[in-house]
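**Student:** I have a structure I would like to understand better, so I am pasting it below and will then ask my questions one at a time.
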Amino acid sequence: MTTVPRISPVAVDLCVAAVLAAVLLPSGWRMAGSLGGGASAWALAALVTLHLLPPAGRRAPEATFAVACAAAAVLALLPVSRYQGQPVPMVLAPSMICFFVALYWCARERSAAVGRVALAVALVGGAGVLARLVLTDGWWGELPVDAAGWVLLALVPSAGSVAAWAIGRLHRRALDDRAAALTRAAEDERARIAGDMHDVVSHSLAVIVAQAEGGRMTTPDRSAREVLQVIGDTGRAALADMRSMLGVLRETPASRADPQPGVPDLRALAERSGASFTESGHARAIPAGVGLAAYRITQEALTNALKHGVGPATVRLSWEAGLSITVANPAAATGGDGSGSGLQSMRQRAESVGGTVEAGRRGTEWVVRAVLPVRGR
């Protein structure tokens with residue numbers, strides 16, 4: 001199957017701006033040229049500004065709309081130009097369509113309240129432009145403008161503003177509906193993954209715990225019973241962690257209320273792993289995401305120490321400069337270089353909350369040190 005390449009939104013915006021400039025700007029350029037002097041320069045600057053706005057509307061809709069209002073005001077205050085021998089106010093230049101594009105972006109990319117404020121500003125501005133046209137002598141007397149013509153002239157800015165706002169809001173609603181559908185699909189996929197993990201991993205952990213408990217009850221060897229006790233306790237802890245993660249997968253973001261492990265659980269984690277634990281400095285409140293990252297990093301470091309170390313590990317927690325966690329253990333004569341998947345996972349967890357992780361051999365020890373911000377990102 002041939003994959004259709006996705007067109008960048010920036011490229012689309014630039015293409016729209018180029019088309020608008022090619023179609024609309026020549027007429028406005030000739031209108032501005034008929035003014036002469038400084039008025040012509042102001043008119044050209046306002047027109048060019050309007051045509052530069054469409055590519056910026058997606059990223060900065062409020063600023064884009066504000067600049068569009070300023071450009072429209074400049075055009076409204078300029079003298080009447082002439083186009084094909086007829087007097088035409090500069091504010092009626094075709095490039096004013098870019099003003100409605102800016103209003104569209106403001107209505108689409110921001111809240112309904114912001115969109116309503118932008119619409120109100122556009123309608124009030126349109127009324128001001130109409131008053132300016134009525135009070136400007138010397139142009140409409142040359143044209144056969146009757147009452148119906150003035151009504152049509154009044155409807156153009158108001159109808160254009162309402163149409164641009166309505167299209168923006170409709171597009172916003174369509175995007176929100178699509179995002180909601182994608183969210184529901186993601187939640188369904190998480191629930192499916194949770195079911196598969198429960199059927200495979202949780203069952204296997206339960207079997208390990210049961211076998212360890214059975215062996216501990218039947219073996220006469222005291223040291224063997226202690227080892228089996230550790231296996232059983234670790235298996236139960238892993239099973240509890242797995243069930244907690246499965247619960248998170250099954251729940252929607254709004255319904256997740258079960259607390260995740262954090263810094264207060266590090267002492268118990270170290271003790272379960274046979275490591276010593278020390279803490280220095282004054283503990284501070286930290287975001288839940290930072291606390292969870294600290295716990296998982298320490299858990300992974302202790303797991304590596306049990307797998308690759310040759311002696312008991314030590315866990316040192318410090319609040320002196322942010323949150324610093326150091327896990328050290330006697331290193332084997334030969335070991336890794338700090339590029340394993342476990343260390344990569346620790347680094348990624350730290351970076352996700354704005355922290356860092358360093359790991360490597362220091363003398364006879366292997367040391368993992370994580371520094372996490374107390375305020376998160």
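**Student:** Using a Förster distance of 56 angstrom, determine the FRET efficiency expected from the C-beta separation of ALA283 and LEU135, and round it to 0.05.
**Tutor:** Step by step, r from the Cβ atoms, then E = 0.20.
**Student:** Points 7 angstrom from Cα along the Cβ direction at ALA174 and ALA113: gap in nanometres?
**Tutor:** Placing both labels 7 Å beyond Cα along the Cβ direction yields 2.7 nm.
**Student:** For TRP29, what accessible surface area do you get with a 1.4 Å probe? Give it in Å², rounded to 10.
**Tutor:** 130 Å²
**Student:** Right, something else. Round to the nearest 0.05 the FRET efficiency obtained for LEU182 and GLN86 when R0 = 56 Å and r is the Cβ-Cβ distance.
**Tutor:** It comes out at approximately 0.60.
**Student:** Kindly sort ARG316, ARG59 by accessible area of their heavy atoms, largest first, with the probe set to 1.4 Å.
**Tutor:** ARG59, ARG316
**Student:** Now for a separate question. So what is the relative contact order for segment 1-137, in percent, with contacts set as C-alpha pairs under 8 Å and at least six apart?
**Tutor:** In percent, rounded to a whole number, it is 25.
**Student:** Continuing with the same structure: Rolling a 1.4 angstrom probe over the protein chains, ignoring ligands and nucleic acids, what is the accessible area of PHE100 in square angstrom, nearest 10?
**Tutor:** 50 Å²
**Student:** At ALA73 and VAL10, where each label point lies 7 Å from the Cα along Cα→Cβ, what is the point-to-point distance in nanometres?
**Tutor:** 3.1 nm
**Student:** Can you give me the Rg/Rh ratio for segment 1-116, using Cα atoms for both radii and the Kirkwood formula for Rh?
**Tutor:** With Rg and the Kirkwood Rh in hand, the quotient comes to 1.07.
**Student:** For LEU155 and VAL374, calculate 0.36 nm times their separation in residues minus their Cα-Cα distance, and state this gained length in nm to one decimal.
**Tutor:** Extending this stretch completely gives an extra 73.1 nm.
**Student:** At 0.36 nm per residue, and after removing the present C-alpha to C-alpha distance, how many nm does the segment from ALA41 to GLU213 gain when stretched out fully?
**Tutor:** Extra length from ALA41 to GLU213 when fully extended: 53.1 nm.
**Student:** With θ taken as phi - 60° and the coefficients 6.51, -1.76 and 1.60, list the Karplus ³J(HN,Hα) couplings across segment 104-118 in order, rounded to whole Hz; mark glycine and proline as x.
**Tutor:** Taking θ as phi minus 60°, the curve returns 4, 5, 5, 6, 7, 8, 10, 5, 4, 5, 5, x, 5, 4, 4 Hz for segment 104-118.
**Student:** Can you tell me how much longer the chain between GLN260 and ARG225 gets when fully stretched, taken as 0.36 nm per residue apart minus their C-alpha distance, in nm with one decimal?
**Tutor:** 9.5 nm
The values are calculated or read from the model by the stated rules, or taken from the named source; none is laboratory data. The model shown is predicted, which means the values in this text are computed figures rather than measured ones. Neighbour counts are summed over all protein chains in view; Cβ atoms, including those assigned to glycine, are modelled from backbone coordinates with ideal geometry. Areas reflect the complete protein model, heavy atoms only, side chains present, ligands, DNA and RNA absent. Shrake-Rupley method; radii C 1.70, N 1.55, O 1.52, S 1.80 Å.
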